[in-house]
Amino acid sequence: MTLLGTATEDEDDDGKKAGTLANGVITKEQLEELSRLINKTKSNVPIFCSLFDVQTVEEMSEVQGATAIRMLKVKAGEAQ
């Protein structure tokens, strides 16, 4: 139960889901682009997902997906 916006120990996720509900789920286009970039950069998927505190790329929010794409584009030398 929350009182005045304070989460109980069982409800507290240390901000892990902050903003994800408002941002929506990752889009199909983002998933396709992430797959391409992960393959191109030979990124370790479990380590990459841990950066966003998710188990799989599909669990990312739309905002996390956009951030991940920017990061991988830099790694791949595709940053603008």
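Okay, here's what the table says:
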| read-out | value |
| --- | --- |
| Residue list for the range 50-68, restricted to those being surrounded by 18 or more Cβ atoms within 10 Å (Cβ to Cβ) and assigned to a helix (DSSP H, G or I) | Val57, Gln64, Gly65, Ala68 |
| Of residues in the range 1-42 being touching a helix residue (DSSP H, G or I) at 6+ places or on another chain (Cβ under 7 Å) and in a loop (DSSP other than H, G, I, E, B), the one modelled with the lowest pLDDT | Gly19 |
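The values are calculated or read from the model by the stated rules, or taken from the named source; none is laboratory data. What you see is a predicted model, and the numbers here were worked out from it, not measured in a lab. Counting neighbours? That spans all protein chains shown, and the Cβs are built from the backbone with ideal geometry, glycine included.
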